[in-house]
1. Quick one: Karplus J couplings for region 98-105, per residue in order, coefficients 6.51, -1.76, 1.60, θ = phi - 60°, nearest Hz, x for Gly and Pro?
2. Using a Förster distance of 25 angstrom, determine the FRET efficiency expected from the C-beta separation of ALA47 and LYS23, and round it to 0.05.
3. Given H placed 1.01 Å from N in the peptide plane, which residues other than close sequence neighbours of ALA12 have an amide H under 5 Å from its amide H?
4. Summarise the accessible area of the chain (1.4 Å probe, protein heavy atoms) by the percent that is carbon and sulfur.
5. Once the Cβ-Cβ distance between LYS60 and ARG133 is put in as r, and R0 is 41 Å, what FRET efficiency do you end up with, to the nearest 0.05?
6. Once you list every other residue whose beta carbon is under 13 Å from the beta carbon of ILE121, what net charge do they have if Lys and Arg are +1 and Asp and Glu are -1?
7. Name the residues whose placed amide hydrogens come within less than 5 Å of the amide hydrogen of PHE100, ignoring near sequence neighbours (fewer than 5 apart) on the same chain.
8. DSSP loop GluC sites (Glu not before Pro) in region 36-137 with at most 16 other Cβ atoms within 10 Å of their Cβ, which ones?
Amino acid sequence: MGLFGKKPLFCAVCKKELKHKYKPSEEWNMEGYLCSDCHIEKTKEFAMKSQSTDRCAVCKADLGDIAVKPRWQWEMEAGTLLCQPCFNKKDAEYNKKLNFCAVCGTKIGFVRYNPKPAWKIQGQMCRKCWDVRNAQK
Ligand SMILES: [Zn+2]
Ligand SMILES: [Zn+2]
Ligand SMILES: [Zn+2]
């Protein structure tokens, strides 16, 4: 007894005896220690993995399990995810866009007009602008 700390340690990955032991990062969920090579490999691996985990498309925050899908109306790329604050911001922006004419910026009430797809106008329009635009050829 008492020699516990002197027992040879082996790398948890490649099983090589360790001269210098490296503690795995807590995020790796590993037991034991690593040799420097495996530690470097794992670090790389994990960095790549965490890059592919969901990040907010706007602020790049790590989303974890709080990812929110953007509304389809926002026409964001498929697979885009947002964090809650960015979602709220977008939502507010979108609602603002909805409430104002995309052309002249006038506040539109309940009566609003959707631009024709060919016009390539984002948002909605007031009656006046819609008529003007519609009259153009
Ligand atoms: Zn190793
Ligand atoms: Zn965000
Ligand atoms: Zn208008």
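The values are calculated or read from the model by the stated rules, or taken from the named source; none is laboratory data. It should be emphasised that the depicted structure is a prediction, and the values quoted were computed from it without experimental measurement. All Cβ positions, even for glycine, are placed from backbone atoms using ideal geometry, and neighbour counts span all protein chains on display. Surface accessibility is based on the protein's heavy atoms, side chains included, excluding ligands, DNA and RNA. Shrake-Rupley method; radii C 1.70, N 1.55, O 1.52, S 1.80 Å.
1. 5, 8, 10, 5, 5, 9, 9, x
2. The pair ALA47/LYS23 has a calculated efficiency of 0.90.
3. Sorted by chain and number, the residues that satisfy this are TYR33, LEU34, CYS35.
4. Details: 5950 of 10740 Å².
C and S atoms contribute 55 percent here.
5. Working: r = 37 Å, r/R0 = 0.91.
The value I calculate is 0.65.
6. That sum, taken over residues with Cβ under 13 Å, equals +4.
7. ILE108
8. GLU75, GLU77
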